[in-house]
Amino acid sequence: MRALMVAAAVGLAALAAPAKADPVENFYKGRNLNLLVGVSAGGAYDLTMRLVARHIVRFIPGRPTPVAQNMTGATGLVMANYLYNVAPKDATFMGLIQNGLPTFQAVGMEGAQFDSRRLEWIGSPAPTIETMLVWKTTGVKTIEDARNREVIIGSIGSSGITFMYPLMLNDMVGTRFKMVAGYTGSGNLNLAMERGEVEGRNNSWGSIKANKPEWIKNKDVTVLAYSGRRQPDLAGVPHLEDVIKDPVDRQVFKVVTAGAQLGHPFAMAPGVPADRLEAVRKAFMEMLKSPEFIKEATAAQIEIDPVEPQEMRDIVQELFATPEDVRKRARKYFDRQ
């Protein structure tokens, strides 16, 4: 009887004992989660960062307060360098990396004070589909038309995909795009197209659908070609894998546009605590499946086709494993900036 009473007392004591504290929850409770993006407001990167900021904290133990910040400069390079070298390594800072920056590093450009292979990738909502657009008043409807007529193309600064994409088409397809660099953000560049300052631009298909759906509805723009995962809603538009004939050119193009496979990639710096990193990764993937996130993303025309951390690591490793001679040829598109 006495033994039964002792056992019962031990059982009651166990029930009364407080549950073991969750160190991740304890850390994040009352803290901020700082989400950085390296471009100005108004484009797909900024829209995606703010959408994720609003929702991911619901799935992180301790529910930190989201703080969204734009840290502009060198088409995202300033922010990536800050995240890697300056921001606290305690998992309170996460960046939406410009997806062309791993290639920027892989081809040997100066200024990348980070190693893409060591970044702690969190996830991405979906890969990116890159397009080449021209405004309706140009009369240019096909790649062949763009070979026969000079088209003024705007870009965000003189670095990044908006600058390099049309230059590669000039070299590999024979288009006659004339570059006007220096626009400070996607919103300003879109406005320049509407005003007639420029006649076309490179942009992701997702960004156009999210930020300028009226362009598609009103047929204000023509998509001359695109790259990335083949899209049902771009049926009839040439895919650049079919347009670029030279096999080495296709390899070079794949290097320069490798970032499209990453889509809008979120990452933390190396050295963050492993338990917090895994909690944030798990939260990111749970967020992408949540009805609230899906509803808001759908309304904003943001695609959801998750790219998971391991896949992101594999994409970056494959990029750096590309033969050196191909990467050297790809570098010229950065050197021309």
For the chain, what percent of Cα pairs sit more than 31 Å apart? 36
Between the range 225-252 and the range 135-152, the alpha-carbon center distance in angstrom: 18
Which lysines, if any, have their Cα less than 27 Å from the Cα of Lys136, not counting same-chain residues under 8 positions apart? Lys178, Lys209, Lys212, Lys217, Lys219
According to a simple spin-label model (label point 7 Å from Cα along Cα-to-Cβ), what is the distance in nm between Arg147 and Gln69? 5.0
Where both residues lie in the range 130-259, what percent of DSSP beta bridges are antiparallel, nearest 5? 60
Test of understanding: what is the full-extension gain from Phe320 to Asn85, defined as 0.36 nm times their sequence separation minus their Cα-Cα distance? 82.5 nm
Could you calculate the contour length gain from Lys289 to Lys136, that is, 0.36 nm times the residue separation minus the distance between their Cα atoms, to one decimal place in nm? 51.3 nm
Residues in the range 263-278, backbone N under 20 Å from the label point at Arg31 (7 Å along the Cα-to-beta-carbon vector): list them, ranges by number please. 266-278
Glu303: net charge of surrounding residues, Cβ under 10 Å, Lys/Arg +1, Asp/Glu -1, itself excluded? +1
May I ask what percent, to the nearest 5, of DSSP beta bridges between residues of the chain are antiparallel? 50
What FRET efficiency would be calculated for the residue pair Ser158, Leu234, taking the C-beta separation as r and a Förster radius of 30 Å, to the nearest 0.05? 0.60
Residues whose placed amide H lies under 5 Å from that of Val307, excluding near-sequence neighbours: Ser124, Ala126
Using a 10 Å cut-off on Cβ atoms, rank the peptides 275-283, 24-32, 45-53 from the highest mean neighbour count down. 45-53, 275-283, 24-32
Over the chain, calculate the relative contact order: mean separation of alpha carbon pairs under 8 Å at least 6 apart, over the residue count, as a percent. 26
Listed residues Ile122, Ile216, Ile315, most fluctuating in the chain (Gaussian network, C-alpha, under 10 Å): Ile216
Specify the angular offset, from 0 to 90 degrees and rounded to the nearest 10, of the alpha carbon long axis of helix 2-16 from the longest principal axis of the alpha carbons in the chain. 30
Translational diffusion coefficient of the range 130-259 at 37 °C, 0.692 mPa s, Stokes-Einstein with Kirkwood Rh over Cα pairs, in µm²/s as a whole number. 224
With an 8 Å Cα cut-off and a minimum separation of 6 or more residues, compute the relative contact order for the range 130-259 in percent. 34
How far is the Cα center of the range 30-51 from the Cα center of the range 266-337, in Å? 15
Neighbour-limited loop hits for GluC sites (Glu not before Pro), the range 183-236 (at most 14 other Cβ within 10 Å; DSSP other than H, G, I, E, B): Glu197
Taking K and R as +1 and D and E as -1, what net charge do the other residues with C-beta under 14 Å from the C-beta of Val326 add up to? +2
Loop-only check: which GluC sites (Glu not before Pro) in the range 92-137 are DSSP coil with at most 16 other Cβ within 10 angstrom? Glu110
Using only alpha carbon positions, build the gyration tensor of the range 212-278, then give the equivalent ellipsoid semi-axes as the square roots of 5 times its eigenvalues, largest first, whole angstrom. 32, 21, 9
Give me Rg/Rg_expected for the range 27-184, where Rg uses Cα atoms only and Rg_expected = 2.2 N^0.38 Å with N residues. 1.23
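Taken together, the values in this text are just the output of simple stated rules run on the coordinates, not laboratory data. Being a predicted model, the structure only gives us computed values, none of them experimental. Because the Cβ atoms are built from the backbone with ideal geometry, glycine has one as well, and the counts that use them run over all protein chains shown.
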